[in-house]
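The values are calculated or read from the model by the stated rules, or taken from the named source; none is laboratory data. Everything numeric here is computed off the predicted structure, so don't read it as measured data. Please note: Cβ atoms are built from the backbone with ideal geometry, for glycine as well, and neighbour counts cover all protein chains shown.
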């Protein structure tokens, strides 16, 4: 294996990588003032955006969970890559040829596992796509044609065919230099009973499944032949690339429109996604071989910017049959995790979007989405349909089952209205239904503890604010803060975490030796031994200074004077207290020594006050 990447190449990758572009592939960002952008954090679940990105300094920080760093760290954390793998990924994105520190004329570094698996999947997708044009793939082409997809559409979505051979893909990829371990780890092949390696998919129509960045990470395979004894749909198994609870088919194509429109349409299959996109419903996505769950919600909320201030729309297109009703009720259970409004769209005669487009055209698909109804209405109607409402027992049982649904409606002001609607649907008086809803809401309230902490350990005192401002200057404008900042000792910082950051800056070489940028911030972060200090470095690197415009030497002088003044004032008070308690006759030398220290300190304090007043 070759040596490490040259430092100057790492710096070049940092300089040429826009952190906004990298993060925007996964998180919808909105302007937050001061040149910063904000979005929902990809590292923890939140309803109010606290994830801040500074385009000027090319760093990010989450005020909620403390995650922070530069584009390299973001790629490492979100894609679970090693440092070198992240550098290589960003270098490839920026068109930078990396050089490695190793003897020899032309060292070639072994690529990281993830990059190798991505390349194997890309090669597999190309192989399957080529196979779709072969005579053996006639059934796959007919399947697509019968559902209204022509050759161009198949090429656009990368549709392919796994041939009727035991190891056609294995031979193809081995010829490309991929190892047995890589093919099995990626889920592209599996060992046969005989011990040889065989293709995981054969005689099936193939869809490449891509992540947010557009990399192929897995495949969905549809059965075509009656003598195939496997399931109707078969997906790539869990792998370092493919996590089914996070994967959404079509997300790479839909992400920009989801962010732009503030709407996502969740459908059930690959052909439904294709049909919706072709019918000008470009926000459609689908789960891959698993139920829609909390991890999928997290992905969509970040794209929707699903917050208290920006409520998006989540539209499910489950079938109206029993399975679809069950899926809708399960989706309603997850409804509380969205801030936005959730809807359901059921096609006429329970047709899915692909069937609807084929039968009635593109306009019918758009109308299906336009005629959506609130998910809570559909969930209540589905619940009530299970009971005989012509009997007293049926009505009471239905009320008991439906009341918890009403109690779960996140907009509390709507609960009484839905309780009245439920009473009307049941043919009952409003009072007992309201009591049942309130009782269910009370039970839910005790069950949902603990609640989110309302108080965070922040240093928001006047002195704490000044300390943070001084540290921000050292991190964001070290060339300007320079020797003035470095000359002030750690003792000037009252907050222990602030003091730890000050020590880390000194350990990293001091502000006077830095040039700023993401590299400097990362250097200080890496020096921090305290985890809270490490998080604070990331936060301060993206938090705007308390002034309009760029800082200047005068602002630095004012801030650093205010930083020093409390410590000097405390020392003056300590000296005066000692002098008052000291007998000047019996302790002449001690009295003179303290007085000699007090006089210059008072002069220094006076100068600091004048300097601090300059702001």
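Applying the selection to segment 174-195, what residues are touching a helix residue (DSSP H, G or I) at 6+ places or on another chain (Cβ under 6 Å) and either without any contact (Cβ under 8 Å) to a residue 60 or more places away in the chain or in a loop (DSSP other than H, G, I, E, B) (or both)?
176, 178, 186, 188, 189
In a helix (DSSP H, G or I), in contact with a helix residue (DSSP H, G or I) (Cβ under 8 Å, 6 or more places away or on another chain) and at pLDDT below 90: which single residue out of 336, 325 fits that description? Steps first, answer last, please.
Working: 336 fails: in contact with a helix residue (DSSP H, G or I) (Cβ under 8 Å, 6 or more places away or on another chain).
After applying the criteria, what remains is 325.
Out of all the residues in segment 294-314, which are at pLDDT 80 or above, over 15 Å from the mean Cα position of the chain (by Cα) and either surrounded by fewer than 22 Cβ atoms within 10 Å (Cβ to Cβ) or in the same structural domain as residue 218 (by TED's automatic domain parsing) (or both)?
Scanning segment 294-314 gives a single hit, 313.
Are any residues in segment 579-594 in a helix (DSSP H, G or I) and surrounded by 14 or more Cβ atoms within 10 Å (Cβ to Cβ), and if so, which ones?
Of segment 579-594, the ones in a helix (DSSP H, G or I) are 579-581, 588-594.
Residues satisfying the conditions are 579, 590, 591, 594.
Residues of segment 78-98 being modelled with pLDDT of 85 or more and in contact with a strand residue (DSSP E or B) (Cβ under 9 Å, 6 or more places away or on another chain), which ones?
87, 88, 91, 98
Could you tell me whether residue 165 is over 30 Å from residue 148 (Cβ atoms), assigned by TED's automatic domain parsing to the domain that holds residue 132 and either touching a helix residue (DSSP H, G or I) at 6+ places or on another chain (Cβ under 9 Å) or surrounded by fewer than 16 Cβ atoms within 10 Å (Cβ to Cβ) (or both)?
Details: over 30 Å from residue 148 (Cβ atoms): no; assigned by TED's automatic domain parsing to the domain that holds residue 132: yes; either touching a helix residue (DSSP H, G or I) at 6+ places or on another chain (Cβ under 9 Å) or surrounded by fewer than 16 Cβ atoms within 10 Å (Cβ to Cβ) (or both): yes.
No: the conditions fail for residue 165.
For segment 483-496: of the residues being assigned to a helix (DSSP H, G or I) and free of Cβ contacts under 8 Å to residues at least 40 places away in the same chain, which is farthest from residue 468 (Cα to Cα)? Lay out the reasoning, then the answer.
We begin by selecting, within segment 483-496, every residue assigned to a helix (DSSP H, G or I); these are 483-486, 490-492, 496.
Filter once more, so that each one left must be free of Cβ contacts under 8 Å to residues at least 40 places away in the same chain: 483, 486, 490, 496.
Details: 483: 18, 486: 15, 490: 13, 496: 12 Å.
Out of the qualifying residues, it is 483.
If a residue must be in a helix (DSSP H, G or I) and either closer than 18 Å to residue 59 by Cα or in contact with a helix residue (DSSP H, G or I) (Cβ under 6 Å, 6 or more places away or on another chain) (or both), how many such residues does segment 507-530 contain? It would help to see each step written out before you state the result.
Initially, segment 507-530 is screened for residues in a helix (DSSP H, G or I), giving 507, 511-513, 518-527.
Now restrict to residues that are either closer than 18 Å to residue 59 by Cα or in contact with a helix residue (DSSP H, G or I) (Cβ under 6 Å, 6 or more places away or on another chain) (or both): 507, 511-512, 518-527.
The number of residues fulfilling the criteria is 13.
Kindly indicate whether residue 538 is within 44 Å of the chain's Cα centre (by Cα) and on the phi > 0 side of the Ramachandran plot. Give the steps one after another, and end with the answer.
On the way: within 44 Å of the chain's Cα centre (by Cα): yes; on the phi > 0 side of the Ramachandran plot: no.
Spelling it out, it is not the case that residue 538 is within 44 Å of the chain's Cα centre (by Cα) and on the phi > 0 side of the Ramachandran plot.
Being part of a helix (DSSP H, G or I) and without any contact (Cβ under 8 Å) to a residue 24 or more places away in the chain: is that true of residue 8 here?
Details: part of a helix (DSSP H, G or I): yes; without any contact (Cβ under 8 Å) to a residue 24 or more places away in the chain: yes.
Criteria met by residue 8.
Taking residue 268 as meeting all but one of (1) touching a residue at least 40 places away in the same chain (Cβ under 8 Å); (2) in contact with a helix residue (DSSP H, G or I) (Cβ under 6 Å, 6 or more places away or on another chain); (3) crowded, with 19+ Cβ neighbours inside 10 Å, write down the number of the exception.
(2)
Being assigned to a helix (DSSP H, G or I), more than 24 Å from residue 208 (Cα to Cα) and either over 25 Å from the mean Cα position of the chain (by Cα) or at pLDDT 85 or above (or both): is that true of residue 103 here? Outline the logic, then answer.
On the way: assigned to a helix (DSSP H, G or I): no; more than 24 Å from residue 208 (Cα to Cα): yes; either over 25 Å from the mean Cα position of the chain (by Cα) or at pLDDT 85 or above (or both): yes.
No.
I'm trying to understand the selection: among the residues of segment 356-374, which are farther than 12 Å from residue 314 by Cα and buried (at least 20 other Cβ atoms within 10 Å of the Cβ)?
Residues satisfying the conditions are 356, 357, 365, 368.
In the set 557, 504, 499, which member is under 29 Å from the mean Cα position of the chain (by Cα) and either surrounded by 17 or more Cβ atoms within 10 Å (Cβ to Cβ) or not in a loop (DSSP other than H, G, I, E, B) (or both)?
Numbers: 557 fails: under 29 Å from the mean Cα position of the chain (by Cα); 499 fails: under 29 Å from the mean Cα position of the chain (by Cα).
Checking each option against the conditions leaves just 504.
Would you pick out the residues in segment 47-62 that are surrounded by 22 or more Cβ atoms within 10 Å (Cβ to Cβ) and in a loop (DSSP other than H, G, I, E, B)?
The first filter runs over segment 47-62 and keeps only residues surrounded by 22 or more Cβ atoms within 10 Å (Cβ to Cβ), leaving 49, 51-54, 58-62.
If the condition is that a residue be surrounded by 22 or more Cβ atoms within 10 Å (Cβ to Cβ) and in a loop (DSSP other than H, G, I, E, B), then 49, 58 are the ones that fit.
Which residue out of 579, 560, 598 is touching a helix residue (DSSP H, G or I) at 6+ places or on another chain (Cβ under 8 Å) and either modelled with pLDDT under 85 or not assigned by TED's automatic domain parsing to the domain that holds residue 491 (or both)? Break it down stepwise before answering.
Working: 560 fails: either modelled with pLDDT under 85 or not assigned by TED's automatic domain parsing to the domain that holds residue 491 (or both); 598 fails: either modelled with pLDDT under 85 or not assigned by TED's automatic domain parsing to the domain that holds residue 491 (or both).
None of the others qualify; the one that does is 579.
Of everything in segment 264-293, what is out of contact with any strand residue (DSSP E or B) (no Cβ under 8 Å at 6 or more places or on another chain), in a loop (DSSP other than H, G, I, E, B) and at pLDDT 95 or above? Give them in sequence order.
279, 280, 282
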